[in-house]
Amino acid sequence: MTASHLLVPVPIPDRIAALIGACTPAYILQAEFDADCAAREVRRFRGPRLGVEDQADREQALSDLARANKVLAAHHPRLVVRPGSAW
């Protein structure tokens, strides 16, 4: 029996990633890209005191992340992107 916490992440070669991407619908790849960008934006706006503009930008990024995650979760629940995850 394999414990998931003992698995070591292995980088995927570019050719294999291209093959995986070719099998994935374009709207899923776009949603994955959008979710990754939105998660980066959310992480950028961390701090105890954000200005009004920064709060609005963070809320917009959270909205974009939620929209992209809805598409990803409909395709496969494990594709969901979280702001603090490395994935």
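The values are calculated or read from the model by the stated rules, or taken from the named source; none is laboratory data. Everything quoted here is computed from the prediction, not taken from an experiment. All Cβ positions, even for glycine, are placed from backbone atoms using ideal geometry, and neighbour counts span all protein chains on display. Accessible surface areas use protein heavy atoms only, side chains included; no ligands, DNA or RNA. Shrake-Rupley method; radii C 1.70, N 1.55, O 1.52, S 1.80 Å.
Compute the long axis of helix 52-75 from its Cα atoms, compare it with the longest principal axis of the Cα atoms of the chain, and write down the angle in degrees, 0 to 90, nearest 10.
Long axis of 52-75 versus the principal axis of the chain: about 30 degrees.
Would you work out what percent of the accessible area of the chain, with all protein chains in place, is carbon or sulfur (probe 1.4 Å)?
For the chain, the apolar C and S fraction of the accessible surface comes to 60 percent.
With a 10 Å cut-off between alpha carbons and a GNM built on the chain, which of Arg46, Arg58, Arg15 moves the most?
Of Arg46, Arg58, Arg15, the Gaussian network model singles out Arg15 as fluctuating most.
When the chain is modelled as a GNM with alpha-carbon springs shorter than 10 Å, which of Leu50, Leu62, Leu29 fluctuates the most?
Per the Cα network of the chain with a 10 Å cutoff, Leu50 tops the list.
Sum up the charges of everything whose Cβ sits under 10 Å from the Cβ of Val71, counting Lys and Arg as +1 and Asp and Glu as -1, but leave Val71 out.
It works out to a net charge of 0.
Just subtract the alpha-carbon distance of Leu29 and Val10 from 0.36 nm times their residue separation and send over the number in nm, one decimal.
Here the segment from Leu29 to Val10 would lengthen by 4.7 nm.
Please identify which residues in region 45-87 have an amide N closer than 14 Å to a label point set 7 Å out from the Cα of Ala17, following the Cα→Cβ vector.
Under cut-off, by backbone N: 87.
Excluding Glu59 itself, what net charge comes from residues whose Cβ is under 12 Å from its Cβ, given Lys and Arg +1 and Asp and Glu -1?
Values: positive: Arg58; negative: Glu41, Glu53, Asp54, Asp57, Asp64.
That sum, taken over residues with Cβ under 12 Å, equals -4.
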